[in-house]
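Every number here is computed from the coordinates shown, using simple stated rules; none is lab data. Source: prediction; values computed, not measured. We place every Cβ from the backbone using ideal geometry, glycine too, and count neighbours over all the protein chains shown.
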Amino acid sequence: MAELLTEQECEQLKKYRFTDSLDQSFQVAELLDQSFLKDFLKNVSLAIGAPNEKAAASIFIKRYAFLAVVSLYAMTAWNKKLNVSLENVKMEPAEQGENWLPFICFEDTAVQEWSVNESRSEWRNRVLKDLFAHNIYPIIVHLEKSVGISRLILWENIAVYLFWLYESELKDSENTNVKDDFRYLLLEAEGQLFGSYNLNPLVKYFSEKTYLDEREEEVRIRKTCCFSYQLPAGKRCKTCPCTHIAKDGRCHDGESICGTIRNLA
């Protein structure tokens with residue numbers, strides 16, 4: 001009999017927008033259909049007040065990043081591999097009048113637990129490849145081709161939540177997997193685990209934090225702008241790179257990547 005997440009584990013993952021069932025949902029694999037994606041982004045734009053598809057796509061990936069958080073949390077904290085295939089993941093659709101913070105769920109909630117009889121490194125590679133190369137990468141590439149948004153922005157949207165998971169959420173854990181998995185994710189994981197890459201696409205976003213006097217805290221300044229400032233609230237993320245470039249409240253180079261970080265490409 002397949003092992004399932006325990007009731008306690010499901011409860012813990014609710015913090016990261018996971019639930020065991022959804023009244024209304026769509027299968028994430030449908031996003032690879034051009035017609036479905038266009039309708040989806042239109043609904044997201046209406047729900048959050050995004051002025052264009054690029055902004056909607058960026059905010060969607062920021063929401064979708066929680067799938068990576070859920071998957072990596074289960075891997076690191078419990079040595080459990082979730083089924084994150086595109087066909088298995090479901091997500092709440094965008095609705096107007098709500099601050100779209102969608103939950104995700106799985107059709108198949110069976111997990112594969114790491115066995116001491118196999119190499120954890122090889123098992124971990126399977127977790128990462130299924131998550132990134134087989135799930136997140138196809139969506140990022142499709143969004144890039146469909147709406148013209150740079151994959152650099154989308155990958156950083158994923159990266160900032162992974163840094164948050166390991167540096168904040170799991171910071172005080174005594175589990176030795178935390179430091180080992182985080183180090184591996186950033187310094188040792190090969191590019192092919194993330195898709196058609198020679199190099200790990202997350203590494204470029206991990207930089208030293210900067211102390212901001214106005215906030216009295218250290219933050220890691222982003223390399224790209226996620227377009228959150230284009231939403232009705234008009235606020236920039238505290239880590240936005242454009243805050244330190246622009247003088248008029250807008251990105252230095254419009255909707256394209258700021259000239260100062262083009263070398264990322």
In whole angstrom, how far apart do the alpha carbon centroids of the range 193-222 and the range 104-122 sit? 28 Å
Quick calc, the range 107-224, dipole around Cα centre from Cβ unit charges on Lys, Arg (+) and Asp, Glu (-), nearest 20 debye, gives 560 debye
Only Cα pairs within less than 10 Å get springs; with that Gaussian network setup on the chain, which residue of F194, F182, F36 has the largest fluctuation? F36
Would you work out the charge dipole size for the chain about its Cα centre, treating the Cβ of every Lys and Arg as +1 and the Cβ of every Asp and Glu as -1, and quote it to the nearest 20 debye? 1040 debye
Within the chain, longest stretch free of exposed trypsin sites (Lys or Arg not before Pro) [DSSP loop, at most 16 other beta carbons within 10 Å]: 1-170
Please report, in debye to the nearest 20, how large the charge dipole of the range 6-138 is about its Cα centre when each Lys and Arg carries +1 at its beta carbon and each Asp and Glu carries -1 there. 620 debye
Name the shape class, rounded, prolate or oblate, that the alpha-carbon gyration tensor gives for the range 70-152, where a ≥ b ≥ c are the square roots of its eigenvalues, rounded holds for a/c under 1.5, and otherwise prolate holds if a/b is larger than b/c and oblate otherwise. oblate
Placing +1 on the Cβ of each Lys and Arg and -1 on the Cβ of each Asp and Glu in the chain, which of S119, Y166, G191 has its Cα farthest towards the positive end of the resulting dipole? G191
Which angle between 0 and 90 degrees, to the nearest 10, do you get for helix 53-78 versus the longest principal axis of the chain when only C-alpha atoms count? 30 degrees
Which of D181, D172, D33 comes first, and how do the rest follow, when ranked by fewest Cβ neighbours within 10 Å? D172, D33, D181
Compute the orientation-averaged projected area for the chain from the convex hull of its Cα atoms and round it to one decimal in nm². 15.0 nm²
Percent antiparallel among DSSP beta bridges confined to the chain, nearest 5, equals 95 percent
Euclidean distance of C-alpha centroids, the range 1-72 and the range 78-94, integer Å: 9 Å
Enter the angle in degrees (range 0 to 90, nearest 10) between the Cα long axis of helix 34-48 and the first principal axis of the Cα atoms of the chain, meaning the one along which they spread out most. 70 degrees
Gain on full stretching of the segment that runs from R183 to T210 - 0.36 nm per residue minus C-alpha separation: 7.6 nm
E30-N175 pseudo-label distance in nm [points 7 Å out on the Cα-to-Cβ vector]: 3.3 nm
Does anyone have the angle between helix 151-164 and the longest principal axis of the chain? Alpha-carbon axes, 0 to 90°, nearest 10? 60 degrees
A correct fewest-to-most ranking of E188, E53, E167 by other Cβ atoms within 10 Å would be E188, E167, E53
Summed over the other residues with a beta carbon less than 15 angstrom from that of D39, with K and R at +1 and D and E at -1, the charge totals -2
Less than 23 Å apart at the alpha-carbon level, and either on another chain or at least 8 residues along: which lysines does that give for K14? K62, K80, K81, K90, K171
Arranged by the count of other C-beta atoms within 10 angstrom, fewest first, what order do L187, L22, L170 take? L187, L22, L170
